[in-house]
Amino acid sequence: MCNLSQKRSIVAGWIKNHNFIDLQNYVTKNKINLKQLNKSKFDLLVLAIDSNAPINLIKYILQECRYPTLNYYLNYRCQKENNQQQLHYPNFNVSPLSLALLKNNYDVADLLLQHHADINFEIDNNDLYYTLYHHPTQSNSMTTITTFQYILKNGIHSPSPSFISTLIKNFHNELLEMLIKHFNLSRRMILQLLSFYKYQQTLTAKQLDTLLKNTIDFTEDMYNDAITLANDKALKILISYDTKNRYQINYTLLKYATQYPTDHFITAIQNGSLTLPFNTEKILDNLRHMEEKKIRIRELVGQNDVHSLQQFITRNEFPLLLCCHDATPNKIKKEDILMYAIKNQSSYDMIQFILKHYYSTSLNYTLGSSQSPLLEALTQSRFDVAKLLIRKGADINYKVFFNDRILYYLYYRHLTPRQLIFCIKHGAVLFDDAFDVVQKFIENSQNHLLNLLFKQCIFNNDAIYHLLLLYKNKTKLNRKQLKWFLNKKKGNLSVKKRWYKIANQKQNDQALKILSENDFTF
């Protein structure tokens, strides 16, 4: 009587030789449970697909093995015939569906999809695009295109930006354009938009998000790859299908074109091999005179002349964002027009104008070791500018250098009461493992700031409003309810035992009094 290993070997032989009748007879006669033959590194369905078994044999395996799901994978060495020779490839993680597609067996792929194989199933966090593109059997680009057309037709999600960058780097521009056309100009998406227009329906934010979620987002890295590698066709494809406004695309092109030798880029524009939907003369002029124009912009900012600055960048089609620190990643000494404006105390209107052009960059950045826009504005006590920066995304708890937040630097730059109030009102972290401002107040007998801190954290406007509301409605509070209310309002500022200890060590009696008055654990 055969053991399990021997049965597995016999069944595998029938499958490899496509002997469906013999397989059926063997299984029936010996009462074999095919499902039991599968193990972690051996799978009958995968073996059948790899052996190009006929569809009826694969249906039989699906029926007999009763797979709970077809969304699984194993590390498998595929085989492929080439000029009647069996070629064996390195092991690669494959699922039944990905293997059927690697074998260009679309009938089997159809069958697996009917049995609920998920075309968006990921193998080790890699999607189907990755498997089909990177598998060692895929050397024929035309076959790859046919397979990609199949998965697009069957509802695969849009590829990741990193995969698009891979296509650009490998000059697979036909595949690149096919994917972009499908997802960014798909017939389904156009019909949906036309339907909303026809029936004059308003799209909700959720509906629009769902509609746009399955599109390809054009990243700066894609443009960088195309420009760096002189892949003019890919660059042309990106520009043609990118729905961002001309200003943003213009900025991206100039940003990366100036980071590398510009000869090829300029020549490609001049000889017409790279056509741009912009004023090419202006682009060429900006490339040739980049530094002079940055100097002129700096002068206008220094002169607080918003009107002339607006005219200059409009006339030259020169993106102001090129004067941002992020536009010169290869430079050791960073230039940043926003920091320059804040440090030189430019007007609120000038800073607001600059921020309108900072659409694609975070305001949480550090120049040198301790220069950051929000920190600089608060150091100067320009609270109107600080509020503007926070509205635009600056974080009051941004770590300027390593674990040191904005409040840390303000403290060592002689923190004022107004700066402290601003930080508290905007949610600054007052103490963590790196810095404890309460401890510093106690150690240095800055009791006026310590007292102010507790008043702001507990008896702030919000707390006073709630107390007045209780009074107006003649709502009575017993001692327990009042204690609960005060504990709730003090938020994160529960008095720490270590603060008492430090106050004792420093013989800071006033600090001890402030702590005890605001400690509701008594």
Report task. Evaluate the following for Thr243: is it in contact (Cβ under 8 Å) with a residue 40 or more places away in the chain, farther than 12 Å from Asn316 by Cβ and surrounded by fewer than 16 Cβ atoms within 10 Å (Cβ to Cβ)? Result -> yes
Query raised in the report: Taking region 361-382 on its own, how many of its residues are farther than 17 Å from Phe401 by Cβ, of a type outside the set (Val, Ile, Thr) and surrounded by 15 or more Cβ atoms within 10 Å (Cβ to Cβ)?
Result: 2
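Every residue in region 314-324 that is in a helix (DSSP H, G or I) and crowded, with 19+ Cβ neighbours inside 10 Å, please.
Leu320, Leu321, Leu322, Cys323
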Report task. Could you list, in sequence order, all residues of region 383-401 that are more than 20 Å from Thr416 (Cα to Cα) and exposed (fewer than 15 other Cβ atoms within 10 Å of the Cβ)? Result -> Arg391, Gly393, Phe401
Query raised in the report: For region 210-228, does any single residue satisfy the condition of being closer than 30 Å to Asn104 by Cβ, at pLDDT 95 or above, part of a helix (DSSP H, G or I) and not hydrophobic (A, V, I, L, M, F, W, C)?
Result: yes
Query raised in the report: Pick from Ala53, Ala12: which is over 42 Å from the mean Cα position of the chain (by Cα) and part of a loop (DSSP other than H, G, I, E, B)?
Result: Ala53
Query - Candidate set: region 366-391, residues that are of a type outside the set (A, V, I, L, M, F, W, C) and in contact with a Lys or Arg (Cβ under 9 Å, 6 or more places away or on another chain); chosen: the one modelled with the lowest pLDDT - result: Gly368
Query raised in the report: Of all helices (runs of 4 or more DSSP H) completely enclosed by region 247-312, which ones contain at least 2 residues that are farther than 24 Å from Ala341 by Cα and modelled with pLDDT of 95 or more?
Result: none
Query raised in the report: With Asp462, Asp433 as the choices, which residue is modelled with pLDDT under 95, of a type in the set (D, E, K, R), part of a loop (DSSP other than H, G, I, E, B) and surrounded by fewer than 18 Cβ atoms within 10 Å (Cβ to Cβ)?
Result: Asp433
Query raised in the report: Taking region 49-65 only, how many residues are without any contact (Cβ under 8 Å) to a residue 40 or more places away in the chain and either surrounded by fewer than 20 Cβ atoms within 10 Å (Cβ to Cβ) or aromatic (Phe, Trp, Tyr) (or both)?
Result: 6
Report summary line: Scanning region 15-38 residue by residue, those part of a helix (DSSP H, G or I), among the polar types (S, T, N, Q) and over 51 Å from the mean Cα position of the chain (by Cα) turn out to be Gln24, Asn25, Thr28
Query - Odd one out for Leu111 among (1) within 27 Å of Leu57 (Cα to Cα); (2) hydrophobic (A, V, I, L, M, F, W, C); (3) under 31 Å from the mean Cα position of the chain (by Cα) - result: (3)
Report task. Restricting attention to region 116-132, report how many residues are closer than 20 Å to Arg66 by Cβ and out of contact with any helix residue (DSSP H, G or I) (no Cβ under 6 Å at 6 or more places or on another chain). Result -> 3
Query - Among the residues listed as Leu132, Leu175, Leu97, Leu152, the single one being under 23 Å from Glu220 (Cα atoms) and without any contact (Cβ under 8 Å) to a residue 40 or more places away in the chain - result: Leu175
**Report entry** One residue from Ser158, Ser165 being among the polar types (S, T, N, Q), modelled with pLDDT of 95 or more and closer than 22 Å to Asn126 by Cβ
**Finding:** Ser165
Report summary line: Checked region 299-333 for anything within 32 Å of the chain's Cα centre (by Cα) and of a type in the set (D, E, K, R); matches are Glu317, Asp326, Lys331, Lys333
Query raised in the report: Right, Arg479: basic (Lys, Arg), at pLDDT below 95 and either surrounded by fewer than 17 Cβ atoms within 10 Å (Cβ to Cβ) or touching a His at 6+ places or on another chain (Cβ under 8 Å) (or both) or not?
Result: yes
**Report entry** Criterion violated by Tyr411 - all others in (1) loosely packed, with under 15 Cβ neighbours inside 10 Å; (2) within 36 Å of the chain's Cα centre (by Cα); (3) in a helix (DSSP H, G or I) satisfied
**Finding:** (1)
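The values are calculated or read from the model by the stated rules, or taken from the named source; none is laboratory data. All figures in this text were calculated on a predicted structure; none of them were measured in a lab. Note: ideal-geometry Cβ built from the backbone for every residue, glycine included; neighbour counts use all protein chains shown.
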